[in-house]
Amino acid sequence: MSVKEIKAMGALKGEVQIPGDKSISHRAVMLGSIARGTTEISHFLNGADCLSTIHCFQKMGIEIEQSKDLVLVHGRGLRGLKAPRGILDTGNSGTTTRLICGILSGQDFSSVLSGDDSLNSRPMKRIMDPLNQMGARITSIQDNNCAPLRIEPGTLHGIRYVSPVASAQVKSSVLLAGLYADSPVSVTEPVLSRNHTELMLGSFGADISSELHADGSATASVSPCAELYGQKIQVPGDISSAAYFIAAGLLVPGSRLLVKNVGINPTRAGFLEVCRKMGADIGYLNRQSQGGEETADLLVTPKPLTGTVIEGAVIPSLIDEIPILAVMAAFAEGTTVIRDAAELKVKETNRIQTVTENLLAMGAEIIPTEDGMIIHGTGALKGTQIQSHLDHRIAMAFSVAALAAEGTTTILDSQCVDVSYPGFFAQLMDLSGK
């Protein structure tokens, strides 16, 4: 077990280069593997989750070269994967597990997916149901709707699936299976979730379309595909990782941070929208667009924050940032209400529970609810021992809380940040001049 002690460090100043976006890095390897030719991925995230995706496709016969944050995927075409020897180990990565199920459903070989104890306790029925409706043959080996999962060859048919949740993982899994179906596939979700899969499928040559409806729901459709073609992909900085430094820059007096090359795709930028509602001072510099993914450098300086309501259509675009938003709310003036976020219960931990537990330990006034939390900002927190429960977003959110809290905070199992942000603690130290 790794333990990290953090004290208030004074003003944070300088530039931050954020690691590559985790969601885009996963998808680039997956699509590159089933495309014809070589896909070149620059600024790839070398976190444990994305490495799990690489290892799974290497076990299925895909040659993948890695050099720092440059990855070359030598794809073998849509039907070029080979039967793996042994179990495909997806580690702690829900994205790897759920998305790869869509691809494996269209293969002519059997496979078994399994991960660590945390991954194997996360719900998989949400992707098993639509995929099995398409003709896939996916079973939960323990018969508990969780991994390990066995996937047998099946004949996939088109489907119009109406998802009860706005989930990019569900949508992506079904769309990826749709590449192998005998007729078009569509997924309608209550509100639009992150659209990285749709953008990337289009750039690789798939016939894909998206539609926003008057009631706020959204439909993505894909047609069966003969072949995809390798691409050059520049992965933007991960907004979910940038959120910790943006929050630190807002909360620590005297700070001035320039967070470089951050992805600001509208389906992921809800965190920035909420920051503005709370009164944050964030400047956008050097805006660009690469492969449909928008990026910008973000200039962050402290400003008093006020409570707000976070609910509805914005939730899917910031679900991973809710732990750090809860920390910000604890320092804000007034009350923040977070609702419509029951999805927090099925992340690496039940994040309603783990956020509440740790904020209470730091002296915050917080009430958990069925689908979120109510936080009465006190403007101050005190250092304490934080249980990360091996959840990388909990560890990083409370590391930022420690920077603005009184006394010393100890983060237990701090090594879990390597899942999405290797080098996170070193960057914090650099910005403080220590």
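When the range 289-311 is filtered for residues that are over 21 Å from P323 (Cβ atoms), at pLDDT 95 or above and among the polar types (S, T, N, Q), the ones remaining, listed by number, are T295, T301.
Of all the residues that make up the range 128-151, how many are of a type in the set (D, E) and assigned to a loop (DSSP other than H, G, I, E, B)?
Looking only at that region, the number is 1.
Just one of the listed residues (R85, R98) is among the charged types (D, E, K, R) and outside any helix (DSSP H, G or I), namely R85. Of the residues making up the range 109-135, just one is touching a helix residue (DSSP H, G or I) at 6+ places or on another chain (Cβ under 9 Å), open to solvent by 10 Å² or more (accessible area, probe 1.4 Å) and of a type in the set (A, V, I, L, M, F, W, C), namely M128. Taking the criterion of being among the β-branched types (V, I, T) and within 17 Å of R98 (Cα to Cα), the residues of the range 149-172 that qualify are I151, V165, V170. For the range 113-139, the set of residues classified as of a type in the set (S, T, Y) and out of contact with any Leu (no Cβ under 9 Å at 6 or more places or on another chain) consists of S121 only.
Note on the range 402-434: among residues that are touching a strand residue (DSSP E or B) at 6+ places or on another chain (Cβ under 7 Å) and of a type in the set (G, A, S), the one that is farthest from D21 (Cα to Cα) is G407. A count restricted to the range 221-250 and to residues that are outside any loop (DSSP other than H, G, I, E, B) and open to solvent by 30 Å² or more (accessible area, probe 1.4 Å) stands at 4.
Counting only strands (runs of 3 or more DSSP E) that fall entirely inside the range 157-220 and contain at least 1 residues that are open to solvent by 40 Å² or more (accessible area, probe 1.4 Å) and within 26 Å of Q231 (Cα to Cα), the qualifying elements are 208-212. Selection within the range 324-347: residues that are out of contact with any strand residue (DSSP E or B) (no Cβ under 9 Å at 6 or more places or on another chain) and surrounded by fewer than 24 Cβ atoms within 10 Å (Cβ to Cβ). The member of this set that is farthest from S118 (Cα to Cα) is E343. Remark: pairs (first residue in the range 346-368, free of Cβ contacts under 8 Å to residues at least 24 places away in the same chain; second residue open to solvent by 10 Å² or more (accessible area, probe 1.4 Å) and of a type in the set (K, R); Cβ separation under 8 Å; 6+ apart in sequence or on different chains) = I352/K345; Q353/K345; G363/K382.
Scanning the range 273-295 for residues being surrounded by 13 or more Cβ atoms within 10 Å (Cβ to Cβ), over 19 Å from the mean Cα position of the chain (by Cα) and of a type in the set (A, V, I, L, M) gives a total of 3. Check whether at least one residue in the range 86-98 is out of contact with any Pro (no Cβ under 8 Å at 6 or more places or on another chain), basic (K, R) and at pLDDT below 95, and report yes or no. Among the residues of the range 86-98, not one is out of contact with any Pro (no Cβ under 8 Å at 6 or more places or on another chain), basic (K, R) and at pLDDT below 95, which makes the answer no. Restricted to the range 7-52, and to residues there that are outside any loop (DSSP other than H, G, I, E, B), of a type in the set (S, T, N, Q) and open to solvent by 20 Å² or more (accessible area, probe 1.4 Å), the residue that is farthest from E348 (Cα to Cα) is T38. Quick check on the range 268-284. Is at least one of its residues within 22 Å of T96 (Cα to Cα), basic (K, R) and not in a helix (DSSP H, G or I)? Yes: one or more hits. Scanning the range 80-96 for residues that are free of Cβ contacts under 8 Å to residues at least 60 places away in the same chain and open to solvent by 70 Å² or more (accessible area, probe 1.4 Å), we see that the one that is farthest from V419 (Cα to Cα) is K82.
What are the residues in the range 53-71 that are outside any loop (DSSP other than H, G, I, E, B) and out of contact with any Ser or Thr (no Cβ under 6 Å at 6 or more places or on another chain), if any? Those that are outside any loop (DSSP other than H, G, I, E, B) and out of contact with any Ser or Thr (no Cβ under 6 Å at 6 or more places or on another chain): I54, H55, C56, Q58, K59, E63, I64, E65, Q66, S67, V71.
The values are calculated or read from the model by the stated rules, or taken from the named source; none is laboratory data. All figures in this text were calculated on a predicted structure; none of them were measured in a lab. Virtual Cβ from ideal backbone geometry, glycine too; neighbours counted across all protein chains shown. Accessible surface is based on the protein model in full, side chains and every heavy atom, while ligands, DNA and RNA are left aside. Shrake-Rupley method; radii C 1.70, N 1.55, O 1.52, S 1.80 Å.
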